[in-house]
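*Asks:* One structure, pasted below without further comment.
The values are calculated or read from the model by the stated rules, or taken from the named source; none is laboratory data. The shown structure was predicted, so the numbers you read here are calculated from the model rather than taken from an experiment. Glycine also receives a Cβ, built like all others from the backbone with ideal geometry; neighbour counts cover every protein chain displayed. We work out accessible area using only protein heavy atoms, side chains counted, and drop any ligands, DNA or RNA first. Shrake-Rupley method; radii C 1.70, N 1.55, O 1.52, S 1.80 Å.
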Amino acid sequence: MVDLPLDLNSIRQRLAGQRLGTEFHYFAEIGSTNSHARRLAEQGARQGELVVADSQTDGRGRLGRHWVSPPNVNLYISFVLRPKLPPARAPQITLMAAVALAETLQSFLPAPPSIKWPNDITVNGKKLAGILTEVNCGTDSVEFVILGIGVNVNYPVDLMPEEIRQRATSVLVERQNKVSREDLLWRLIQDLDRCYGELEVNGFAPLAPRWEAYFGWRGQRMRIELLDQVAFGIARGIDHDGALLLEDDHGRLQRVIAGDVTPVS
Ligand code: BTN
């Protein structure tokens, strides 16, 4: 299969009637789909509008990192969401998206993926996909959320830059053959639409057991880097509001709401 630019015509027809993705903005190349979706949201874009790009020149990851975004091989998408959630529950959007993304990817992979709190999907310890959620809040409500997702789909190892080669993987690498990016995108939009609906109607509680089932680090000793601090603890799961629960060396459960977490042996 030759790597071609995304062909979204077939998807466009299938999207009518969904909450997410009915209106989408496609770019062969863009700086960052998240930045563009934010501009659209500031101009009044409706819930569910989707920005899709075949490549990004300034793809952004969490903690100010760069997201490598070459053309013809991966997915780079951002949704404008307008959830009816109090700001304190906004992190649940990332958790919900991780469940949807893991469920989508599981159907394309030979082995189930894992969720690495809060926003990574990994397989065999290597990163396959990432989520970048950016929240805009009013005084006591969420104005909009930009939900950005990058998935390494038909990305061969030899195309990956040296700095990510040791820790990144792709659907192609894991299953040893290519998949249709259009099919994967279509499935992902459907899964997100379903999980987002569940979150809006019933809250995070019904999604939590599915999140926990994909959580690959339960019982594992973790290192957490906060702004200027490093701490350690055993991962015990997540709280109802999405905080990571780490058991410290005194047996106390600590709630971690931000930071970079890595397993240690
Ligand atoms: C991370 O793992 O740090 C999050 C990576 C998120 C990357 C996606 S690609 C589409 C969207 N646009 C961006 O600039 N970033 C997100």
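*Asks:* Given springs between every Cα pair under 10 Å in a Gaussian network model of the chain, which of Gln166, Gln92, Gln229 has the largest fluctuation?
*Replies:* Taking springs between Cα atoms under 10 Å, the residue moving most is Gln229.
*Asks:* Are there trypsin sites (Lys or Arg not before Pro) in the range 1-61 that DSSP puts in a loop and that have at most 12 other Cβ atoms within 10 Å, and which ones? Don't skip to the end; give the middle numbers.
*Replies:* Values: sites: Arg12, Arg14, Arg19, Arg38, Arg39, Arg46, Arg60; in loops: Arg19, Arg46.
Sparse-neighbourhood loop trypsin sites (Lys or Arg not before Pro): Arg46.
*Asks:* Here's something else I'd like to know. Given C-alpha coordinates of the chain, what is the ratio Rg to Rh with the Kirkwood estimate of Rh?
*Replies:* Numbers: Rg = 17.8 Å, Rh = 18.8 Å.
Across the chain, the Cα-based Rg/Rh ratio is 0.95.
*Asks:* Using θ = phi - 60° and the Karplus curve 6.51 cos²θ - 1.76 cosθ + 1.60, what whole-Hz ³J(HN,Hα) does each residue of the range 137-152 get, with Gly and Pro shown as x?
*Replies:* Residue by residue, the range 137-152 yields 10, x, 5, 10, 8, 7, 7, 7, 10, 9, 9, x, 9, x, 10, 7 Hz.
*Asks:* What's the extension gain from Ala231 to Lys178 if we count 0.36 nm per residue and subtract their Cα-Cα distance? Numbers along the way, then the final one.
*Replies:* Details: separation 53, 0.36 × 53 = 19.08 nm, distance 4.03 nm.
Result: 15.1 nm gained on full extension.
*Asks:* Additional query: Which ³J(HN,Hα) values in Hz, rounded to whole numbers, follow from the phi angles of the range 210-226 under the Karplus curve 6.51 cos²θ - 1.76 cosθ + 1.60, where θ = phi - 60° and Gly and Pro get x?
*Replies:* Calculated HN-Hα couplings, in order: 6, 4, 4, 5, 8, 6, x, 10, 4, x, 8, 6, 10, 10, 10, 9, 9 Hz.
*Asks:* Provide Rg over Rh for the range 161-265; use the alpha carbon set for both Rg and the Kirkwood Rh (inverse mean inverse pair distance).
*Replies:* Details: Rg = 17.4 Å, Rh = 16.6 Å.
Rounded to two decimals, Rg/Rh equals 1.05.
*Asks:* Once neighbouring chains are kept in place and the probe is 1.4 Å, which whole percent of the accessible area of the range 81-233 is contributed by carbon and sulfur? Please report the intermediate quantities before stating the final value.
*Replies:* Working: 3220 of 6440 Å².
That fraction is 50 percent.
*Asks:* Right, next: Residue by residue through the range 89-98, which ³J(HN,Hα) values in whole Hz follow from phi under the Karplus form 6.51 cos²θ - 1.76 cosθ + 1.60 (θ = phi - 60°), with glycine and proline marked x?
*Replies:* With coefficients 6.51, -1.76 and 1.60, one gets 9, 4, x, 5, 4, 4, 5, 4, 5, 5 Hz.
*Asks:* Which parts of the range 86-104 would a label at Asp140 reach, counting a residue when its backbone N lies under 13 Å from a point 7 Å out along Cα-to-Cβ?
*Replies:* Only 86-88 pass the distance filter.
*Asks:* Say we join alpha carbon atoms closer than 10 Å with springs in a Gaussian network model of the chain; which of Thr139, Thr22, Thr57 then has the biggest fluctuation?
*Replies:* Of Thr139, Thr22, Thr57, the Gaussian network model singles out Thr139 as fluctuating most.
*Asks:* Does anything in the range 1-38 have its amide N under 16 Å from the 7 Å Cα→Cβ label point of Thr57, and if so which residues?
*Replies:* It comes to 27-36, nothing else.
*Asks:* Moving to a separate point now. Show the residues, 5+ positions off or on another chain, whose built amide H is closer than 5 Å to the amide H of Met222.
*Replies:* Here Gly233, Ile234, Ala235, Val264 satisfy the definition.
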